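First up is the structure itself, then whatever we jot down about it.
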Amino acid sequence: MADSARPPNAASVALIDRDRVLLIQRARKPYHGMWSLPGGRLEPGETAEQAAEREIMEEVGLRVWRLHPIRRMCLAEGRFVLQVYATEAFEGEIVTSDEVSDHRWVRADEIGLMHTTPDLAEVVAGAFRIFNRS
């Protein structure tokens, strides 16, 4: 089965606030020390959307809804099929878990200066396009 046809086993969310997106710095493998969107692995019986909602709550303490699928991609030598979502609908106060060493709201033009997970700038650009924030 081609990677793009495999069902996702991980999910992440681009949280868009006007002209910025929330990035986290990963405190664990894979991608330790790199900046990425918050998210993680699906648990048994979860859909990708349910996993995205749960992971955002666990990693950064925010409740999200109205998730728009923007891209499916393979990471970590094909071990993860990641479903990426975007939303402007979230609430709460950021409280990070021990899986996150730092977090930052950044503009799309700042991402190229950061050490990020693969294709993050392209993924975030797609998220901004959904909300006409290019």
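Search region 18-30 for residues that are of a type in the set (S, T, N, Q) and pair each with any residue that is assigned to a loop (DSSP other than H, G, I, E, B) when their beta-carbon atoms are under 8 Å apart and the residues are at least 6 apart or on different chains.
25/33; 25/34
Could you grab me the full set of residues in region 51-80 that are aliphatic (A, V, I, L, M), within 23 Å of residue 32 (Cα to Cα) and modelled with pLDDT of 95 or more?
The initial filter retains those residues of region 51-80 that are aliphatic (A, V, I, L, M), namely 51-52, 56-57, 60, 62, 64, 67, 70, 73, 75-76.
Those left that are additionally within 23 Å of residue 32 (Cα to Cα): 51-52, 56-57, 60, 62, 73, 75-76.
Answer for region 51-80, where residues must be aliphatic (A, V, I, L, M), within 23 Å of residue 32 (Cα to Cα) and modelled with pLDDT of 95 or more: 51, 52, 56, 57, 60, 62.
If you take the residues of region 1-56 that are part of a strand (DSSP E or B) and exposed (fewer than 15 other Cβ atoms within 10 Å of the Cβ), which of them is nearest to the chain's Cα centre (by Cα)? Write out each step before concluding.
Residues of region 1-56 that are part of a strand (DSSP E or B), as a first pass: 10-17, 20-26, 35-36, 39-41.
From the residues that got through so far, the ones that are exposed (fewer than 15 other Cβ atoms within 10 Å of the Cβ) too are 17, 41.
Working: 17: 14, 41: 11 Å.
Within region 1-56, the match that is nearest to the chain's Cα centre (by Cα) is 41.
Residue check, residue 112 against (1) buried (at least 16 other Cβ atoms within 10 Å of the Cβ); (2) over 16 Å from residue 130 (Cβ atoms); (3) not charged (D, E, K, R), all met but one. Which one?
Unmet for residue 112, out of (1) buried (at least 16 other Cβ atoms within 10 Å of the Cβ); (2) over 16 Å from residue 130 (Cβ atoms); (3) not charged (D, E, K, R): (1).
Quick check, is residue 111 part of a loop (DSSP other than H, G, I, E, B), among the β-branched types (Val, Ile, Thr) and over 21 Å from residue 9 (Cα atoms)?
So residue 111 does not fit the description; no.
Do we have any residue at all in region 66-80 that's among the basic types (Lys, Arg), assigned to a strand (DSSP E or B) and either under 19 Å from residue 122 (Cβ atoms) or under 11 Å from the mean Cα position of the chain (by Cα) (or both)?
Going residue by residue through region 66-80, those that are among the basic types (Lys, Arg) are 66, 71-72, 79.
Cutting the leftovers down to assigned to a strand (DSSP E or B) gives us 71-72.
From what's left, either under 19 Å from residue 122 (Cβ atoms) or under 11 Å from the mean Cα position of the chain (by Cα) (or both): 71-72.
For region 66-80, residues among the basic types (Lys, Arg), assigned to a strand (DSSP E or B) and either under 19 Å from residue 122 (Cβ atoms) or under 11 Å from the mean Cα position of the chain (by Cα) (or both): present.
The values are calculated or read from the model by the stated rules, or taken from the named source; none is laboratory data. This one's a predicted model, so the numbers in the text were calculated from it and none came from an experiment. For neighbour counting, all protein chains shown are included, and Cβ atoms are generated from backbone atoms with ideal geometry for every residue, glycine included.
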